[in-house]
1. Out of I247, I275, I255, I240, report the one residue that is over 20 Å from the mean Cα position of the chain (by Cα) and open to solvent by less than 10 Å² (accessible area, probe 1.4 Å).
2. Can you find, within the range 132-160, the residue that is nearest to G273 (Cα to Cα) among those that are assigned to a strand (DSSP E or B) and charged (D, E, K, R)?
3. When the residues of the range 284-303 are narrowed to those that are within 15 Å of S134 (Cα to Cα) and either within 12 Å of ligand 1 (Cβ to nearest atom) or free of Cβ contacts under 8 Å to residues at least 24 places away in the same chain (or both), which ends up most open to solvent (accessible area, probe 1.4 Å)?
4. Name every residue in the range 304-327 that is assigned to a loop (DSSP other than H, G, I, E, B) and open to solvent by less than 10 Å² (accessible area, probe 1.4 Å), in order of residue number.
5. Please state which one of S274, S293, S282 is hydroxyl-bearing (S, T, Y), away from ligand 2 (no atom under 16 Å from the Cβ) and touching a strand residue (DSSP E or B) at 6+ places or on another chain (Cβ under 8 Å).
6. Of all residues in the range 201-259, which are touching a Gly at 6+ places or on another chain (Cβ under 7 Å) and of a type in the set (F, W, Y)?
7. Which condition does I74 not pass, out of (1) assigned to a helix (DSSP H, G or I); (2) surrounded by 21 or more Cβ atoms within 10 Å (Cβ to Cβ); (3) among the β-branched types (V, I, T), if it passes all the others?
8. Within the range 178-201, work out how many residues are assigned to a loop (DSSP other than H, G, I, E, B) and open to solvent by less than 30 Å² (accessible area, probe 1.4 Å).
Amino acid sequence: MNILGIETSCDETSAAVLQNGRVLSNIISSQLIHKAYGGVVPELASREHERLIVSVVESAVNKANIQKIDLDVIAATAGPGLIGAVMVGLCFAQGLAWSLGIPLVPVNHIEAHIFSGFIQETPDEAVPAENFVSLTVSGGHTLLCVVDRNLHYRVIGRTIDDAAGEAFDKTGKMLGLDYPAGPVIDRLAGEGDPYFHEFPRALTSRSRTSKSYRDNFDFSFSGLKTSVLNYINTREPAFIEQHIPDIAASIQEAIVDVLVEKTVAAAMKFNIGSISVAGGVSANSGLREKMESACNEHGITLSIPKAIYSTDNAAMIATLADLKLSRGIAAPNNYDVAPFASFEHRY
Ligand code: KG4
Ligand code: ZN
């Protein structure tokens, strides 16, 4: 079975072809136009998707060495995301599926991130056969779920304010770093001292104010943002300039500590031996390292997607559609699909 996946929920225009569950192609065109604005401009994102969608889909089909006529199913992100951006990919998918007379499967973007640790390029890669704890950390979401073998998941924690990726991007912006600042902080942190300054770890065992961190799997990063702003504003610019790598390393350490503590605590509480970390922030080398050593310490199996599947991509959209179709969970849609308004919206 050949599935074409399409992803346009934010600032990546992506198309992928999956053949019998394996990735044949995964084309990602990242929109650079937003760099000048320090964040994604929704209107510009929609226009860029409109400009790129045809050539990105053509490239994915060509690279997979098939023809459009060989496609059996089209899976497209139906939300959540920037609504104009989602609509470009979804309407394109709708039109193409209709013209080819094949089913359209609308996919929840965040749900696709959850399962992105199981994207297969070769037959021997991991499949989500058992229960696992899923941490999804992106620019818009920080979500902790317990997933069962039927692909059902229960949200046990989420951010009550900023997402982890947002915390990276916004504190990085305060330091004058380019958008998105997550990867820049990651790189700078390699040259800095993570213990240079202790920024707050809200709702954890190391939080100074919260006594109720146990069994609280929610996250909060807005205090960290304020703390970084105060730190910068109360020191000489030359001092800040001189210590950018140290401050970056300290910010990263604070965010990573929170993510690792809560995820491992959830696995212990629910007695689950598997953790999967996904979303753009899962590319962070500090997070990968700390999560790996915490999992080793507790005998937990860890799966993290390759960096190319951490950030937004269409392979994860096609993979989730394939997992659901092969397990009889997804009902292919007959083209009259409406965009999903939120993470809770599924089919
Ligand atoms: O999943 P994603 O590509 O898009 C959303 O759905 O949001 O995630 C983008 C987020 C951005 O906030 C970006 O700064 C962050 O992921 N990110 C990273 C790294 N690579 C991407 N954050 C920390 N370290 C990285 N290496
Ligand atoms: Zn995403």
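The values are calculated or read from the model by the stated rules, or taken from the named source; none is laboratory data. Everything numeric in this text was worked out from a predicted model, so none of it was measured. Positions of Cβ are generated from backbone atoms using ideal geometry, with glycine treated the same way; all protein chains shown enter the neighbour counts. In case anyone asks, the SASA skips ligands and DNA or RNA and just uses the protein heavy atoms, side chains included. Shrake-Rupley method; radii C 1.70, N 1.55, O 1.52, S 1.80 Å.
1. Matching residue, one of I247, I275, I255, I240: I247.
2. The residue in question is R154.
3. Within the range 284-303, the match that is most open to solvent (accessible area, probe 1.4 Å) is E292.
4. Keep residues of the range 304-327 that are assigned to a loop (DSSP other than H, G, I, E, B), which gives 304-306, 311-313, 327.
Result: P305, N313.
5. Details: S293 fails: touching a strand residue (DSSP E or B) at 6+ places or on another chain (Cβ under 8 Å); S282 fails: away from ligand 2 (no atom under 16 Å from the Cβ).
Only one candidate passes the filter, namely S274.
6. F217, F219, listed by residue number.
7. Among (1) assigned to a helix (DSSP H, G or I); (2) surrounded by 21 or more Cβ atoms within 10 Å (Cβ to Cβ); (3) among the β-branched types (V, I, T), I74 violates only (1).
8. From the range 178-201, those assigned to a loop (DSSP other than H, G, I, E, B) are 178-180, 190-201; that's our starting set.
Then keep just the ones that are open to solvent by less than 30 Å² (accessible area, probe 1.4 Å); that gives 192, 199, 201.
Looking only at that region, the number is 3.
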